[in-house]
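Read through the structure below, which is laid out as structure tokens, and then see the notes.
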Amino acid sequence: MTNTAKVDVLLGLQWGDEGKGKIVDVLAPKYPVIARFQGGPNAGHTLEFENKKYVLHTIPSGIFHQNAVNIIGNGVVIDPVTLQLEISKTGLSFEHIYKSLLISRKAHLILPSHRLLDFAMEQIKGEAKIGSTLKGIGPAYTDKYARAGLRIGDIEFPTFIENYEKLKKNHIQQAEYLNCKLNDFVVDNGSFSDYEKRWFDSIEYLKKLQFIDSEVYVNALLEKGMPILAEGAQGSLLDVDFGSYPFVTSSNTVAAGACSGLGIAPSKVGKVYGIFKAYCTRVGSGPFPTELFDEVGQKMRDIGREYGSTTGRPRRCGWLDLVALKYAVVLNGVTDLIMTKSDVLSSFETLKICTSYIFNGKEIDFIPYRIEEKMLQPVYKVVPGWLNDITNCRDYNDLPANLKEYVRFIEEFVNVPVKIISTGPDRTEIIYK
Ligand code: IMP
């Protein structure tokens, strides 16, 4: 009993794309087990090492470490086509994948017709569209909560095809009601039936991998004293309950999601690593109080290579928002902060940090229930930039004084220490404080 290990949770504190993949990859050697707990192929976790770049969507970011076990938890939604493609792009041998990748039987499947529905639902929203990645995430989670979904474990039963056909028929009817015809729907540059064929081929491929009752497995590992790193996807401000609803994703991206998405009790959670960028970005629609529409925002986008790793869409860029960051820190009970992309701010003479908002003529220090952009203006503290190339720094003491002051100000504001600073995309570009 006394040897029971903990689950440390790592998650994004903004609107996703905080650099979680790289940080998991860096921390992975400390953890024998890495587990994804929510989201699906809407995520894009980028890892760079030995001059190569990999983007993972569903696979946990510990896959490149020899002895790590990687679990896709029950809270994740899986598109078999994306998963198979992603596996092949890692370049890893089938033996390695078989041994290192375990998939929860309770994870839900994204059907080709979920993608059809995602598209149909975004189409009818017109101006109010969410900017979904159109990977079928929302409809797959909808079926999960409507108790109608298909799960990985169902693949092993003879009723699988029959249940698949029933669900597909239902989706096609819903899509037609939304004025979207199956024959007009293009998915991954091909027809629905081409994609469906690939989907069934990938189901056959998945059958060769290990399916597990992950909640039992995970708790047994903890009992044996093996610590687990739970890897979140998207970001806290995209959480279905606490994000800028309805411009959110369809899962709980906050730390509580790790408990339900892996089957672990809250008392088993140890550290909560909260990752944030030194500035802010967002893809898709929805409120973004500190967004920059000028050349400063464009400069951040260019230097930070802020283009979506899943969709290639340009990311909206803006100054660091400490009101939003503090909200996320509290919701997640963050114990350790990790700041990424500090190097991107190196060529800005002055920087702005949002410390409150003016809302309906009053200064407030919280995110209001409904943000109408015109009604909300950020209040900024202006600070000097550091104008030094920091990509080769490996010691906190060697960082420019203005960057250290930037970090100190954040720590004091949110009342949690920054423990790691990432200074570039590569595995080696990291500073422990
Ligand atoms: P969905 O989850 O694909 O339906 O997208 C819902 C919203 O979340 C959209 O604004 C997406 O751009 C955003 N989103 C989903 N996944 C990610 C992610 O991994 N990083 C950043 N934004 C995301």
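The values are calculated or read from the model by the stated rules, or taken from the named source; none is laboratory data. Fair warning: this is a prediction, and the values are worked out from it, not measured in the lab. Every residue, glycine among them, receives a Cβ derived from its backbone with ideal geometry; neighbour counts consider all protein chains shown.
Values computed for the structure shown
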item: Within region 151-190, tally of residues that are within 20 Å of Met121 (Cα to Cα), touching a residue at least 12 places away in the same chain (Cβ under 8 Å) and exposed (fewer than 12 other Cβ atoms within 10 Å of the Cβ); result: 1
item: For Phe211: the one exception among (1) within 16 Å of the ligand (Cβ to nearest atom); (2) part of a strand (DSSP E or B); result: (1)
item: Helices (runs of 4 or more DSSP H) wholly inside region 249-362 that include at least 2 residues being among the acidic types (Asp, Glu), touching a Cys at 6+ places or on another chain (Cβ under 8 Å) and under 30 Å from Thr82 (Cβ atoms); result: none
item: Matching residues, region 1-53, being more than 15 Å from the ligand (Cβ to nearest atom), buried (at least 20 other Cβ atoms within 10 Å of the Cβ) and part of a strand (DSSP E or B); result: Val7, Asp8, Val9, Val33, Ile34, Ala35
item: Asn397, sole failed condition from (1) closer than 30 Å to Tyr245 by Cβ; (2) of a type outside the set (Lys, Arg); (3) modelled with pLDDT under 95; (4) in a helix (DSSP H, G or I); result: (1)
item: Condition met for Gly232 (small (Gly, Ala, Ser), within 14 Å of the ligand (Cβ to nearest atom), farther than 19 Å from Ser285 by Cβ and at pLDDT 95 or above); result: yes
item: All positions within region 334-380 that are under 20 Å from Lys271 (Cβ atoms) and touching a Gly at 6+ places or on another chain (Cβ under 9 Å); result: Val334, Thr335, Asp336, Leu337, Ile338, Thr340
item: Residues within region 1-42 that are of a type in the set (Asp, Glu) and within 19 Å of Ser260 (Cα to Cα), tallied; result: 1
item: Search result, residues across region 122-140 that are among the small types (Gly, Ala, Ser), assigned to a helix (DSSP H, G or I) and either on the phi > 0 side of the Ramachandran plot or more than 6 Å from the ligand (Cβ to nearest atom) (or both); result: Gly126, Ala128, Ala140
item: Hits in region 283-295 (condition: within 12 Å of the ligand (Cβ to nearest atom) and in contact with a Leu (Cβ under 8 Å, 6 or more places away or on another chain)); result: Pro287
item: Within region 235-279, considering residues that are among the aromatic types (Phe, Trp, Tyr) and more than 22 Å from Glu122 (Cα to Cα), the one farthest from the ligand (Cβ to nearest atom); result: Tyr273
